[in-house]
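The values are calculated or read from the model by the stated rules, or taken from the named source; none is laboratory data. Just so you know, these numbers come straight off a predicted model, no measurement behind them. Note that each Cβ is placed from the backbone with ideal geometry, even for glycine, and that neighbours are counted across all protein chains shown. Just the protein is used for accessible areas: all its heavy atoms, side chains included, with ligands, DNA and RNA removed. Shrake-Rupley method; radii C 1.70, N 1.55, O 1.52, S 1.80 Å.
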Amino acid sequence: MKELVLRPLEQPACGLSAESISCDVFAGKSVEEIEALEVYSGNRRRRLGDFFSVSGEAGDTPGETRIVIEGDVPRTKWIGRGMSAGEILVKGSTGMYTGAWMRGGRILVQGSVDSFAGMMMSGGELEVQGDAGDYLGCAYRGEWRGMRGGSILVHGNAGTEAGHCLSGGRVTVMGRAESFAGVRMRSGLLVLGSAESRVGAQMTGGSIVVLSRTEMLPSFELVDRVSSPEIEGVSFEGVFEVYAGDLAERNPKGRVYLKVE
Amino acid sequence: MKLVLKNGYVYDPANGVNGEKMDIFIENGKIVEEVSGAKEIDCSGMLVMPGGVEIHSHIAGGKVNTARLMRPEDHLRNVAPRTSVTRSVCGYSTPSTFLTGYAYSKMGYTTAFTAALPPLMARHTHEELHDIPMLDKGALTVMGNNWLIMHYLSEGRIEHACAYAAWLLRATKGYAIKAVNPGGSEAWGWGRDVRSLDDRVPHFDITPREIIRGLMEINERLSLPHSVHLHPNNLGRVGNFTTTLETLELTRDVKPSRERQVLQLTHAQFHSYGGDSWRNFSSEAESIAKAVNSSDRLVLDMGQVVFGDTTTMTADGPMEYYLSSLTGLKWANKDIELETAPGVTPFVYSEKSPVSGVQWAIGLELALLVESPEKVMLTTDHPNGAPFFTYPKIVAWLMSAKSREEVLERLHRAAQKNTVLGSIDREYGWSEICWVTRTAQARSLGLESKGHLGVGADADVAVYRIDPESTDPARDYEAVERAFSATALTVKGGEVVVRDGEVVKVVSGRTLYVDAGVGEELEREVLKDVDYYFKRFYTVNLANYPVQEVYLTSPEAVKVDSGVR
Amino acid sequence: MRVTHRDVVCSFCGTLCDDIEVDVEDGRIAEVRHACRIGTTKFLSASRHEHRLLKPMVRENGRLKEVSLEEAVERAAEILAGAQRPLLYGWSSTSCEAQSVGIELAEVLGGVIDNTSTVCHGPSTIAVHEAGFISCTLGEVKNRADLVIYWGANPMHAHPRHLSRYSIYPRGYFRERGHQDRTLVVVDVRRTDTARLAQKFVRVQPGRDYELISALRAVVNGRKLPMDEVAGVSREDIEELAEMMKSCSFGVLFFGMGLTQSPGRHRNIDNAICLVRDLNTYTKFVIMPMRGHYNVVGFSEVLSWQAGFPFAVDFSKGYAWYNPGETTANDVLQRGECDAMLVVASDPVSNFPKPSVENMLKMPIVAIDVHPTPTTMVADVVIPAAIAGIEVEGTAYRMDVVPLRLRKVVEPPEGVLSDVEVLQRILERVKEIKG
Ligand code: SF4
Ligand SMILES: [Zn+2]
């Protein structure tokens, strides 16, 4: 695997839209070509090289390419958009839409990610050592077929609506998720260290595991109590209350597991 | 403005021209006998046809925009930035107005009628039509569930109904009478539907049969350019072909007032279903085609299905509810006081689904089993069967049995078992394609200067980059699809607006509407009733209802003196 | 001489009453009939020029100074064309024609365009993306409704003629006895004036609407609630309300900012739309937002047909991109992304949260408005506009998306153009600058 290093220079206040930071785009390109890639700072079309010093070497294919971002880029959006293979390591925090539409490969963010990380993801891995903003692993507006595959792991906390319309794959938030985690979820697995209110709202399928107690919506029904269950192919330790829901929906097949012991 | 299109292979079947190499002369927006000193464009080796005419497509108005508003996910498709000529665009099944104009124009279309205009929302429809560039436009005014129409008809006051319909066309700047699930959309005001021609409309002393017959009578007494444009009852229901056949029967005792049909069966595919459950869902295209073949008073448009993700939208509220309850997908409903009840829901036609497969076959069967191409119009009921972007594919299917076979093989077994498409070897020629994409539409609509290239016709011309002499469309169907996707040249009103598939000039087109005169005294009497309805039941004042001409781009009233007194 | 204009549309609130009579004497509005108190005030104050902006102004050395229209347009165009991420905000209290020019301006500039729905019914629109929208025009309510629910809305104050024109009091085709044929239910956190008229008032705990809707849905769908109380409402009350909803013949749920701006926001509306969908299994039921500004709906409509999205559109790459949470005015402002603002017919300095306003104060602002406001006071360019619906014609969409033609009853103050013309001039100039 070849490594390409991006060292952030001054970052524009109006944000940077950098869809081109992806192993699929970098693969097979020289440093000069990568510096010349298009990014948008507001309405200005600029070069990637205007905002990053580029060094190293890209692989011939996405799978052979590893991108390292040396530092914080909290206003850089769209890192790894639609990526199919390869690796991105960010030694800091990133802006919105990190790993959106990602299909394969791996992104590791050592800091935090802003909202909409992993939106519409269908494969690959996104790992965040800090926190995530709102709409982690969500669907795009209006789309009912949300994240379909791959996995997201957040070590810290997440904002509202984590796993919105989740339709496959796995999202894990080791810390606390704000309200409406797993809203309108259809299938897949959402694991939360703890959850604020309204977990699983309007879910019709899939499983949510919360590793601590939380208030359930009135439209969920306690149906079982299990110990050390296997849920969507993953084993969990402890005793769980099992809730069925969201019974506000027609024929709901969703399950929420609350760890009680 | 003068122009000569030189040496193309011209197809103009209305004037008996079938692939002759000839020049088309254009001056002041019209086709002329001859011009001198004009700019010449070489069209040799290319196919030349009149500009395409769209007769039934949901491109503007309340429910189209509700669909846009409901489906941001649809607008991530077909995205393109502003250029020096065009506005930014987006959307697939619910494209933006600008994209609608550009995309039709790129396919060689120069005229388009939006399929349903609810009178109270007419201003909205015209605001959107205003923002659809490149095309001459018109709208079909829905009347099949209109309270005053139903009252007049149930009381047998046919002249009053005529005068009211004429007033409504003028007030809404509409072009023709459209009916959608007659009686059913009113029943939907109570969450109900009508399921047969003889069901009574709740609280109105009338049946769908009486409404349909009444509207045809109104239409012919007014002698309107187009016939009644009917979306019959029971759209999309298993076994609905019997309702459709009964409906077509009703044309027997209606005399046409002009040389055209008395009824357009629109999106016929959705009305040609056999079987008694979704499990034995089958095609009844043969029965419907037979009825059309044996009558000179009927035409149909296909309502073809193409596989993929689309949005359904009709003024058939109960149908959209029913469909959304099958899929569980989001659903919009928009009942309109005293008039109609549009609904919207997304739909995915899947090659793996037995039902979708049969639906796909039915549309093509209809087009291939109706003998005369003069009675068939290519539509997808955009975007109900598919977005209009798919027309080139359908052209290719009509021209090539092999291309149909290839699809059929991929589909669920039911598509072969429950249809006869596989056994039809008819393949359309270029003239037939010309009929079903423009000439038949222009005839049906009574647009005398469209759909052909005779002297005096509008200088709306499409030039496709395909050589009809050397191309065998049955084999080279992919080349056909490519050619029909992007013209070499689209000429609108005598100006080149598209060149090599790119919009080079934006024009705004005219808006056509019908102004049918009736006797003054009769009109006064009817206006009294209208006034009463507005005072009592509408929530806008009568004075604020009619659409002002400022909303129309180059308004053009088609005047008809009906003789109704 | 007195001239009476009839069938005038009141361009104040989303009720968009179109039965107003206005008497004009010597070019000034002398009397207004049929309008409510708020509407009447709007008409009458139009003619009192001391409350109007009358001259274009440009800030120089910290002071707003009167200039010619050409100078103001020039300065406005320079500011906007020079910006990397201009925000074009407002639009809800002007005509569709102005909105249309604004959208093209945003496209040419590569800016972000958003309207006030971002602080009122934006959540309703986001909910529509997910749940759909089961609605009707107001005449359907008038003619058919026998159950009318206002949830988190107080029309007695915000839409004074809503009850009398459309929902409760009018006699309809199937409701000949007017309010006697209808039941009014109000759900709110406190007993509002509207609630005092209601046959049934349901007091919901603040911020707990979502739970109440979920409970109602579960009951409507045949479940038994396992608890005695949800969101401060007893199980009996919930069951009674559910039964009322299922057994009416035409029900309507009007909702207001009590539902869109309380915790849950678009999720409350999503759930409420789903409740209405559930109810359609049993009867006829519809839902409608109580839109505030008179043409807030028009903006969503025009933007949707022109650019594909209903608000918060970002044209920075030349095409439309939409995602509330990123492209919404307050998000762009609070992240400090934008570097210039055009404000049309709106007063964000008074209405926006403090962090947004603080950032606004750091950037050049161009304001086009009818009256002086705190926003025009901090702006760098101020251009007066005529009042749509009083001094110029145009189009507006009622809360139920019925389009109406605004009328002109008096001339605008001398030298004052419509915002449509002002915007067109700015657009022309921006096009020249951008080449
Ligand atoms: S209710 Fe609204 S629109 Fe009607 S008069 Fe009052 S302010 Fe004007
Ligand atoms: Zn249709």
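At 7 Å along Cα-to-Cβ for each site, give me the label-to-label distance between B:A38 and B:D276 in nm.
6.3 nm
Heavy atoms only, 1.4 Å probe, whole protein assembly: order B:Y322, B:Y477 by accessible area, highest first. Provide the component values of the computation, followed by the final result.
Numbers: B:Y322 60, B:Y477 25 Å².
Putting B:Y322, B:Y477 in descending order of accessible area: B:Y322, B:Y477.
Which FRET efficiency value, to the nearest 0.05, is calculated for B:E371 and B:D253 with the Förster distance at 25 angstrom and r the Cβ-Cβ distance? List each step's numbers first, then the result.
Working: r = 24 Å, r/R0 = 0.96.
In this case the efficiency is close to 0.55.
Note every residue of region A:131-149 with a reduction of at least 50 square angstrom in accessible area, all protein chains present versus the isolated chain, computed with a 1.4 Å probe, or write none.
For region A:131-149, once contacts with the other chains are taken into account, A:Y140, A:R141, A:G142, A:W144 lose 50 Å² or more.
Taking a spot 7 Å from the Cα of C:R6 along the direction of its beta carbon, which residues of region B:514-546 have an amide N less than 16 Å from it?
Within reach of a label on C:R6, which here means backbone N under 16 Å from a point 7 Å along Cα→Cβ, region B:514-546 contributes B:527-536, B:540-546.
Whole-Å semi-axes of chain C's equivalent ellipsoid, largest first, each the root of 5 times a Cα gyration tensor eigenvalue?
40, 26, 17
Are there any trypsin sites (Lys or Arg not before Pro) in region C:162-210 that are in a DSSP loop and have at most 11 other Cβ atoms within 10 Å? List them by number.
On the way: sites: C:R165, C:R171, C:R175, C:R177, C:R182, C:R190, C:R191, C:R196, C:K200, C:R203, C:R208; in loops: C:R171, C:R175, C:R177, C:R182, C:R190, C:R191, C:R208.
Answer by residue number: C:R177, C:R190.
Below 8 Å between Cα atoms, with a sequence gap of 6+, how large is the relative contact order for region C:310-398 in percent?
19 percent
Out of C:N268, C:T194, C:G222, whose Cα points farthest toward the positive end of the dipole of region C:122-289 (charges: +1 Lys, Arg; -1 Asp, Glu; placed on Cβ)?
C:T194
Could you tell me the distance between the Cα centroids of region C:272-333 and region A:87-165, to the nearest Å?
The two parts, judged by their Cα centres, are 25 Å apart.
Determine, from the Cβ-Cβ distance of A:K253 and B:D296 and an R0 of 45 Å, the FRET efficiency 1/(1 + (r/R0)^6), rounded to the nearest 0.05. Write out the running numbers ahead of the final one.
On the way: r = 56 Å, r/R0 = 1.24.
With a Förster radius of 45 Å, E is 0.20.
Rg to Rh for the protein assembly as shown: what is it, with Cα atoms only and Rh by Kirkwood?
Values: Rg = 30.5 Å, Rh = 31.8 Å.
On the Cα set of the protein assembly as shown, Rg over Rh gives 0.96.
Where does each of B:95-102, C:34-41 land if you order them by average Cβ count within 10 Å, highest first? Could the numbers behind the result be given before it?
Working: B:95-102: 27.8, C:34-41: 17.1.
Ranked by mean Cβ neighbours within 10 Å, highest first: B:95-102, C:34-41.
Evaluate peptide C:245-255: per residue, the Cβ atoms of other protein chains within 10 Å of its Cβ; return the mean as an integer.
On the way: counts 0, 0, 0, 0, 3, 4, 0, 0, 0, 0, 0.
Counting Cβ atoms of other protein chains within 10 Å of each residue's Cβ and averaging gives 1.
Using DSSP to define loop residues, name the chymotrypsin sites (Phe, Trp or Tyr not before Pro) in region B:516-552 whose beta-carbon has at most 15 other beta-carbon atoms within 10 Å.
Values: sites: B:Y532, B:Y533, B:F534, B:F537, B:Y538, B:Y551; in loops: B:F537, B:Y538.
When the chymotrypsin sites (Phe, Trp or Tyr not before Pro) of region B:516-552 are filtered for loop state and at most 15 Cβ neighbours within 10 Å, nothing remains.
Whole percent per 10 Å bin, from 0 to the bin with the longest distance: what is P(r) over all C-alpha pairs of region C:26-139?
With 10 Å bins starting at 0, P(r) equals 10, 22, 34, 23, 10, 0.
With contacts defined as alpha carbon pairs under 8 Å and 6 or more residues apart, what's the relative contact order of region C:122-289 in percent? Please report the intermediate quantities before stating the final value.
On the way: 314 pairs, mean separation 52.7, N = 168.
With pairs under 8 Å counted, the relative contact order is 31 percent.
Search the structure for amide H atoms under 5 Å from the amide H of B:W331, placed 1.01 Å from N in the peptide plane, and list their residues when 5 or more places away or on another chain.
C:G132, C:F133
Accessible area per residue, 1.4 Å probe, Å², for the protein assembly as shown: what's the number? Walk me through the numbers before you get to the answer.
Working: 40030 Å² over 1261 residues.
Per residue, the protein assembly as shown has an accessible area of 32 Å².
Counting only protein heavy atoms and a 1.4 Å probe, tell me what percentage of region C:239-295's accessible area is made up of carbon and sulfur.
55 percent
For region B:174-305, go through all pairs of different Cα atoms, get the mean of 1/r, take its inverse, and jot down that Kirkwood value in Å. Please list the in-between numbers first.
Details: mean 1/r = 0.0666 Å⁻¹.
Radius from the Kirkwood sum: 15.0 Å.
Taking both sides together, what accessible area is buried at the C/B interface, probe 1.4 Å, expressed in Å² and rounded to the nearest 100? Don't skip to the end; give the middle numbers.
On the way: alone 17980 and 20090 Å², together 32840 Å².
Counting protein atoms only, the buried area is about 5200 Å².
What 222 nm value per residue comes from the helices of chain C, counting each DSSP H run with n ≥ 4 as -39,500 (n - 2.57) and dividing by all residues, nearest 500 deg cm²/dmol? Write out the running numbers ahead of the final one.
On the way: 17 runs with 157 residues, N = 435.
It lands at -10500 deg cm²/dmol.
Name the residues whose placed amide hydrogens come within less than 5 Å of the amide hydrogen of B:N18, ignoring near sequence neighbours (fewer than 5 apart) on the same chain.
Under 5 Å from the amide H of B:N18: B:D12.
To the nearest 0.05, what FRET efficiency results for B:S196 and C:S247 with a Förster distance of 41 Å applied to their C-beta separation?
Working: r = 28 Å, r/R0 = 0.68.
Rounded to the nearest 0.05, the efficiency is 0.90.
Tell me: how much accessible area in total is hidden between A and C, 1.4 Å probe, Å², nearest 100?
Working: alone 11140 and 17980 Å², together 25690 Å².
For chain A against chain C, roughly 3400 Å² becomes buried.
Take peptide A:244-253, look around each residue's Cβ out to 10 angstrom, count Cβ atoms belonging to other protein chains, and average those counts. Write down the numbers at each step before the final one.
Values: counts 0, 2, 5, 9, 14, 7, 7, 2, 1, 0.
Average per residue, whole number: 5.
To the nearest whole number, what is the average tally of beta carbon atoms from other chains within 10 Å of the beta carbons of peptide C:82-94?
Working: counts 0, 3, 9, 9, 3, 0, 0, 0, 0, 0, 0, 0, 0.
Average neighbour count from other chains, rounded to a whole number: 2.
Have a look at the DSSP beta bridges in chain C and tell me what percent are antiparallel, nearest 5.
Numbers: 27 of 65 bridges.
The antiparallel fraction comes to roughly 40 percent.
Could you state the principal axis extents of the C-alpha atoms in region B:49-503, from the largest down, to the nearest angstrom?
Taking max minus min along each principal axis of the Cα atoms, region B:49-503 gives 61, 47, 43 Å.
If the label point is 7 Å along Cα→Cβ of C:Q180, which residues in region C:134-162 have backbone nitrogen under 18 Å from it?
So the set is C:143-147.
Using alpha-carbon pairs under 8 Å, 6+ residues apart, how would you state the relative contact order of chain A in percent? Write down the numbers at each step before the final one.
Details: 939 pairs, mean separation 26.4, N = 261.
Relative contact order here is 10 percent.
Roughly how many Å is it from the Cα centre of region B:123-140 to that of region C:366-435, as a whole number?
For region B:123-140 versus region C:366-435, the Cα centre distance is 25 Å.
As a quick test, which of the pairs B:K375/C:K284; C:K284/C:K408; B:K6/B:K505; C:K65/C:K431; B:K106/B:K375 have an alpha carbon distance above 29 angstrom in this structure? Mind showing how you got there, number by number?
On the way: B:K375/C:K284 40 Å; C:K284/C:K408 39 Å; B:K6/B:K505 21 Å; C:K65/C:K431 26 Å; B:K106/B:K375 25 Å.
The pairs that break the limit, which is 29 Å between Cα atoms, are B:K375/C:K284; C:K284/C:K408.
What are the semi-axes of the equivalent ellipsoid of region C:2-47, taken as the square roots of 5 times the eigenvalues of the Cα gyration tensor, listed largest first and rounded to whole Å? Write down the numbers at each step before the final one.
Working: eigenvalues 58, 26, 11 Å².
Working from the Cα gyration tensor, I get semi-axes of 17, 11, 7 Å.
Can you pull the percent of chain A's accessible area that's carbon plus sulfur, 1.4 Å probe, other chains left in place? Write down the numbers at each step before the final one.
Values: 3810 of 9050 Å².
C and S fraction of accessible area: 42 percent.
Once amide H atoms are built 1.01 Å from N in the peptide plane, which residues 5 or more positions from C:F250, or in another chain, come under 5 Å H to H?
Here the answer is C:D146, C:L147, since their amide H atoms fall under 5 Å of that of C:F250.
Take the alpha-carbon centre of region C:88-119, take the same for region B:367-401, and report the distance between them in whole Å.
40 Å
At a 1.4 Å probe radius, which order do C:H266, B:H271 fall into by accessible area, largest first? Working shown, then result.
Details: C:H266 25, B:H271 0 Å².
Accessible-area ranking of C:H266, B:H271, largest first: C:H266, B:H271.
If you put +1 on each Lys and Arg Cβ and -1 on each Asp and Glu Cβ, how big is the dipole of region C:122-289 around its Cα centre, in Debye rounded to 20?
Working: 23 positive and 18 negative charges, 94 e Å.
Dipole magnitude for region C:122-289 comes out near 460 debye.
How charged is the neighbourhood of C:H371? Take every other residue with its Cβ under 15 Å from the Cβ of C:H371, and add Lys/Arg as +1 and Asp/Glu as -1. Working shown, then result.
On the way: positive: C:K42, C:R48, C:R52, C:K55; negative: C:E50, C:D347, C:D369, C:E391, C:D419.
Net of charged neighbours comes to -1.
So how exposed is B:E20, as accessible area in Å² (1.4 Å probe, rounded to 10)?
90 Å²
For C:C17, what accessible area in Å² do you get when you roll a 1.4 Å probe over the heavy atoms of the protein chains, rounding to the nearest 10?
Spelled out: C:C17, probe radius 1.4 Å, area about 10 Å².
Farthest toward the dipole's positive end in chain B, which of B:M22, B:T243, B:G429, given Cβ charges of +1 (Lys, Arg) and -1 (Asp, Glu) about the Cα centre?
About the Cα centre, the residue reaching furthest to the positive side is B:T243.
If you place +1 on the Cβ of every Lys and Arg, -1 on the Cβ of every Asp and Glu, and leave all else neutral, what size is the dipole of region B:49-503 about its Cα centre, to the nearest 20 Debye?
Working: 46 positive and 55 negative charges, 126 e Å.
My answer is approximately 600 debye.
Over the alpha carbons of region C:172-321, what is the largest minus smallest coordinate on each principal axis, giving the biggest first in Å?
56, 41, 32
Can you give the convex hull volume of the alpha carbon atoms of chain A per residue, in Å³? Mind dumping the intermediate values first?
Working: hull volume 28.2 nm³, N = 261.
Dividing the Cα hull volume of chain A by its residue count gives 108 Å³.
Compute, for B:H452, the solvent-accessible surface of its heavy atoms (probe 1.4 Å) with the complete set of protein chains present, and express it in square angstrom to the nearest 10.
Roughly 30 Å² of B:H452 is accessible to a 1.4 Å probe.
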